[in-house]
Protein chains: 2
Amino acid sequence: MAKVSRCIAVDWGTTNRRAYALNAQGEVVDRLADGRGVLSIERNGFHAAVDEIRFALGDGLLLLAGMIGSNRGWVEAPYVDCPAGLDTLCAGLKFIDGSDAAIVPGVRIFTKWQADVMRGEEVQVLGAAAAGLIPETGLVCHPGTHSKWVLLGGGAIGSFRSVMTGELFALLKKHSILSEQLHAPVSPGASFLEGVGRSLSRCELTADLFTVRARGLLGELAPEDAAAFASGLLVGADLRIGLALAEEDHPIALVGDPHLTGLYAAALGEAGKTSTEVDGEQAFLAGIRLLLEKL
Amino acid sequence: MAKVSRCIAVDWGTTNRRAYALNAQGEVVDRLADGRGVLSIERNGFHAAVDEIRFALGDGLLLLAGMIGSNRGWVEAPYVDCPAGLDTLCAGLKFIDGSDAAIVPGVRIFTKWQADVMRGEEVQVLGAAAAGLIPETGLVCHPGTHSKWVLLGGGAIGSFRSVMTGELFALLKKHSILSEQLHAPVSPGASFLEGVGRSLSRCELTADLFTVRARGLLGELAPEDAAAFASGLLVGADLRIGLALAEEDHPIALVGDPHLTGLYAAALGEAGKTSTEVDGEQAFLAGIRLLLEKL
């Protein structure tokens, strides 16, 4: 951290925000985490929401990543194109007039054949690679609301694909005819792996999801297993899409929430793949420290 | 109609109910349609909900089909097993003590490899076949909240598969990150067929759905086309599953809501298949008339 003596870094997503105060050595000296994600804040409420962070964590450069830089966030930071490394993100930082604050750009891929966007995961994935937590070339999965499968080449994001796995599971759990069946916690046991295996071996997700109801009604799926089986079906479909992006022998890294990377590691095992897991918080802080060095 | 001089037939689903008063000749002499589906009625409110129909349409045997016979309806009518014809439905009628009323059973398939259930569509599909509106042997699709693909053999349901197409589209439209993009009406034009073609040619539905957002953000998908494209993706995946049930040369019939059968007919055209369409109301009334003859 050459020029920045103190920094507040924020991973500000759709449903949550996590803020960290870093000292001049890049150590976390204070933190805040709450449910004040972008969608919970009125369009004209972002100044106040930023002030809450200032009030809690103090002065210093405010570095914001995630959906906060989207058209639904505070100030829109344009996307940078693939291939995108940390230098690309640094060059694309959007400094906000009158505030000691900058927003990390999202990354897009936009070709005749492919259109995709990410905001927030890029800091984690590029940070993990630059800090040596994962290989600089390989396949990375960041599981979540919209899982991201990233092809890294030489420490830069070469290409990526988003899959709506987490959001679809949440929709089914909250609002669908399966709702009452999906409230048990999801663990990577036999039911989860049965769902994964089914989606890996055949392309019938939207029918297989209905079997959760039919098997439940007919007494063939225990109430405590239904959520894991349904999650497994969605994760299996996710893997099938993600694994198709890379060569057979690419190393696979999982970066993100430890509960989710654990589920995906088990699912990858079902597909005969090994993987390494990196905590998303550790990866985010690594990315932020490296961005600060480049300022 | 040998023994029944007057009948009130009700197609009572999850979200809607449609009731028809039939005279001794089986002609519709009065009708009622409203949004009082099973899920809108309290568990102890079904007597009152039935009385509303009696009050509007008068006396006679009340013949009820659909989710009204489920564990969330008025009185549960056990499922009958496949193969199931109109005789099977008739033998499984659940007469309700103290009321001049009977509930048509649902149909289930429950083997080591398959578990599935339907309630309501069986009257339409078997009615259409027995009345000569569709072939007695072939593949029938009843598109909807939970689309049903039925293999008919000799006028009986031999096997079937449910696909959550309509429900998933409704969830995405009402509650997802795509919500704001999905409010245009869906017509079987170029965007719809592009979605159908994509899902027919590759198994990446949960990723392709996210491209609706990415392409929208990047200006590559017009707001008025997004709903049709997303619907096409789901319908294409539905077709892929349904078509795998039958031999290549089976005739394909579509029974149900005319807007939906129109969409599916266009989608089947994209898959190189011809199909015939039958209005679900006409099919339901045909099924009811034939059941009444068997009483």
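A few notes on this one:
- Just one of the listed residues (B:Asp30, B:Asp81) is modelled with pLDDT of 95 or more, closer than 20 Å to A:Phe210 by Cβ and open to solvent by 50 Å² or more (accessible area, probe 1.4 Å), and it is B:Asp81.
- Candidate set: region B:237-262, residues that are closer than 26 Å to A:Ser199 by Cβ and hydrophobic (A, V, I, L, M, F, W, C); chosen: the one farthest from the other protein chains (Cβ to nearest Cβ): B:Ala246
- All of (1) in contact with a helix residue (DSSP H, G or I) (Cβ under 7 Å, 6 or more places away or on another chain); (2) surrounded by fewer than 24 Cβ atoms within 10 Å (Cβ to Cβ) hold for B:Gly256 with one exception: (2).
- Only listed residue being within 27 Å of B:Ala230 (Cβ to Cβ), at pLDDT below 95, within 16 Å of the chain's Cα centre (by Cα) and within 14 Å of another protein chain (Cβ to nearest Cβ), chosen from B:Thr165, B:Thr145: B:Thr145
- Among the residues of this structure, A:Thr274 counts as one that is away from chain B (no Cβ under 14 Å), under 21 Å from the mean Cα position of the chain (by Cα) and part of a loop (DSSP other than H, G, I, E, B).
- Checking each residue in region A:183-209 for being touching a residue at least 40 places away in the same chain (Cβ under 8 Å) and either open to solvent by 10 Å² or more (accessible area, probe 1.4 Å) or within 13 Å of chain B (Cβ to nearest Cβ) (or both) picks out A:His183, A:Ala184, A:Pro185, A:Val186, A:Ser187, A:Pro188, A:Ser191, A:Leu193, A:Gly197, A:Ser199, A:Leu200.
Let's see how each residue does on (1) of a type outside the set (A, V, I, L, M, F, W, C); (2) under 18 Å from B:Arg289 (Cβ atoms):
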position	(1), (2)
B:Arg6	yes, yes
B:Arg17	yes, no
B:Val29	no, yes
B:Arg43	yes, no
B:Val50	no, no
B:Cys82	no, no
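- Matching residues, region B:18-42, being touching a residue at least 24 places away in the same chain (Cβ under 8 Å) and either touching a helix residue (DSSP H, G or I) at 6+ places or on another chain (Cβ under 6 Å) or within 14 Å of B:Gly66 (Cα to Cα) (or both): B:Arg18, B:Ala19, B:Ala21, B:Gly26, B:Asp30, B:Leu32, B:Gly37, B:Val38, B:Leu39
Quick grid of which residues meet (1) modelled with pLDDT under 95; (2) under 20 Å from the mean Cα position of the chain (by Cα); (3) open to solvent by 50 Å² or more (accessible area, probe 1.4 Å):
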site: A:Asp11; (1), (2), (3): no, yes, no
site: A:Thr15; (1), (2), (3): yes, yes, yes
site: A:Leu22; (1), (2), (3): no, no, no
site: A:Gln25; (1), (2), (3): yes, no, yes
site: A:Arg36; (1), (2), (3): no, yes, yes
site: A:Ser40; (1), (2), (3): yes, yes, yes
site: A:His47; (1), (2), (3): yes, no, yes
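- Residue among B:Asp238, B:Asp225, B:Asp249 that is modelled with pLDDT under 95 and farther than 27 Å from B:Gly26 by Cβ: B:Asp249
- Strands (runs of 3 or more DSSP E) fully within region A:100-184 that include at least 1 residues being closer than 30 Å to A:Val212 by Cβ: A:115-118, A:138-142, A:147-153, A:156-163.
- When region B:91-131 is filtered for residues that are modelled with pLDDT of 95 or more and over 19 Å from the mean Cα position of the chain (by Cα), the ones remaining, listed by number, are B:Ala91, B:Gly92, B:Leu93, B:Lys94, B:Phe95, B:Ala101, B:Ala102.
- Enumeration of residues in region B:128-151 that are open to solvent by 10 Å² or more (accessible area, probe 1.4 Å) and closer than 20 Å to B:Arg108 by Cβ: B:His142, B:Gly144, B:Thr145, B:His146, B:Leu151
- Under the condition of being within 13 Å of another protein chain (Cβ to nearest Cβ) and open to solvent by 10 Å² or more (accessible area, probe 1.4 Å), the residues counted in region A:94-114 number 7.
- Residue that is nearest to B:Arg119 (Cα to Cα) [pool: residues in region B:162-180 that are surrounded by fewer than 23 Cβ atoms within 10 Å (Cβ to Cβ) and touching a residue at least 12 places away in the same chain (Cβ under 8 Å)]: B:Gly166
- B:Ala56 open to solvent by less than 10 Å² (accessible area, probe 1.4 Å), part of a helix (DSSP H, G or I) and more than 28 Å from B:Gly155 (Cα to Cα): no
- Test: residue in region A:219-234 that is under 21 Å from A:Val150 (Cβ atoms) and open to solvent by less than 20 Å² (accessible area, probe 1.4 Å): yes
The values are calculated or read from the model by the stated rules, or taken from the named source; none is laboratory data. Since we're looking at a predicted model, the values are computed, not measured. In this analysis, Cβ positions are derived from the backbone assuming ideal geometry, glycine residues included, and neighbour counts consider all displayed protein chains. When the accessible area is computed, the model is the full protein with side chains, heavy atoms only, and any ligands, DNA or RNA have been set aside. Shrake-Rupley method; radii C 1.70, N 1.55, O 1.52, S 1.80 Å.
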